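Below is one structure, written out as structure tokens; the observations come after it.
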Amino acid sequence: MRRLLYSPLLALVLLLECPISAAAEPPLPRRPAPTKAEQDLQEQARRLVNEGRIADARDVHLTLWRLTGSASDAFNVGMLSFRLHEFPTAAEFLTIYFDRVGTPEAPKIWVPPGFKDNYELARANFAEARRHIGALEVRVSEPGADVLVDGRQVGVSPLTSPVFVAPGQHRVSAQLAGIHVEQPIAVEAGSERTVWLVLDTRAKASGAAATAPAGPRSSKTGSLPGSTVARRFRTEPAVRWWTVGALAATSAALGVVGGVAVVKANAAADERQHAHRRVLAMSSGGCPGGGPACDAFTAADGDVKTMTGLAVGAFIGAGLAAAGAGVAAYVLGPEASVQVGSAPGALVTVSW
């Protein structure tokens, strides 16, 4: 009898709880209705796409993105940039799109029918774009710092997403309250690198010299707290090796020439001495009338002077070339940088 009494009550409670649970789940946010100006820009972009003017259409959608910041505008900028083979821009805006919209299984906003197909296409384009570019994970020791890549501001620390760049050498920097730190880094296609930048604001507050003017020649790399390593010159490794190697080879070649000249000068001195003895044996007055012995003495004496001068000049040149190689090795020499941030341990890099 109790089971029969409790069963209707339990069913009533479950029926009452179901509408309450459904009502407790808020609806997904939707994009506000576009204004007249936004509608005009959307229509202009569609017309440009139909005319094949993809770059112009992308710029219009970029203007819309700056006005609305919506996921759909980020999607359009990313997809059109992909068609233009501007892969860093495509990856940047498709990343924004994924972050704003969520996934087909767990969307963050209201999505229209056919969303899954567009999402999968965007994923495929993003994967293809990543094959052609690199990604930089930039981490700065202080929040609120301006982060720049190759002089272009890409955000404020902490960055929540990677910075996509073309393969090659890049300059990553951060600046805050007069402190400027810069780190050069090389990126390969399809790779992802992490850059640590340490802003020593404590040294600035205590009056220590911790400021580096912007620019590639006098910038500073991330370093241990309270210390910085200044770059001397930005040169390619091939230039460094060729410069130092050429000077060192020149020094060695001149040294060999000087050594050969010394040997020949000694041989000529011996010949001159023998010729001088023959001259004295023939006549005590020297070489007033000439003759073979006198001619041999004169020739040997000229060889001694020539080889001696050549040896002296070669050794001086070898010394100067060696000194030049040492100076070039110092000026163009290896650069060391030490970065310590929130990551465990320290990263030390030495490069030519």
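Each 5 Å bin from zero up to the one holding the largest Cα-Cα distance in the range 52-180 carries the following percent of pairs: 2, 10, 18, 19, 20, 15, 9, 5, 1, 0, 0. Once you reduce the range 91-159 and the range 307-325 to the center of their Cα atoms, the two points are 61 Å from each other. Counting 0.36 nm for each residue step from Thr35 to Ala249 and taking away their Cα separation leaves a gain of 69.8 nm. Computed 3J(HN,Hα) for the range 242-259, one whole-Hz value per residue from the Karplus formula 6.51 cos²θ - 1.76 cosθ + 1.60 where θ = phi - 60°, is 5, 5, 5, x, 5, 5, 5, 5, 4, 4, 5, 5, 5, x, 5, 4, x, x, glycine and proline marked x. A DSSP coil position with no more than 15 other Cβ atoms inside 10 Å describes the following trypsin sites (Lys or Arg not before Pro) in the range 72-176: Lys108, Arg131. Element breakdown for the range 49-140 at a 1.4 angstrom probe: carbon and sulfur atoms account for 51% of the accessible area. Near Gly155, the amide H atoms lying under 5 Å from its own belong to Val147; only residues 5 or more places off or on other chains count, and H is placed 1.01 Å from N. Multiplying the residue separation of Ser161 and Thr103 by 0.36 nm and removing their Cα-Cα distance gives an extension gain of 19.2 nm.
Remark on Val195: its backbone amide H falls under 5 Å from those of Glu137, Val138, Arg139, a criterion applied only to residues 5 or more positions apart or on other chains, H modelled at 1.01 Å from N. Which percent of the Cα-Cα distances in the range 88-134 go past 18 Å? When every Cα pair of the range 88-134 is considered, 28 percent fall beyond 18 Å. Straight-line cross-link reach from Lys264 at under 16 Å between alpha-carbon atoms covers these aspartates and glutamates, not counting any fewer than eight positions away in the same chain: Asp301, Asp303.
Taking all Cα pairs closer than 8 Å and separated by 6 or more residues, the relative contact order of the range 36-78 comes to 33 percent.
The values are calculated or read from the model by the stated rules, or taken from the named source; none is laboratory data. None of the values given here were measured: they were computed from a predicted structure. Positions of Cβ are generated from backbone atoms using ideal geometry, with glycine treated the same way; all protein chains shown enter the neighbour counts. Just so you know, the surface numbers come from the protein's heavy atoms only, side chains and all, with ligands and any DNA or RNA stripped out. Shrake-Rupley method; radii C 1.70, N 1.55, O 1.52, S 1.80 Å.
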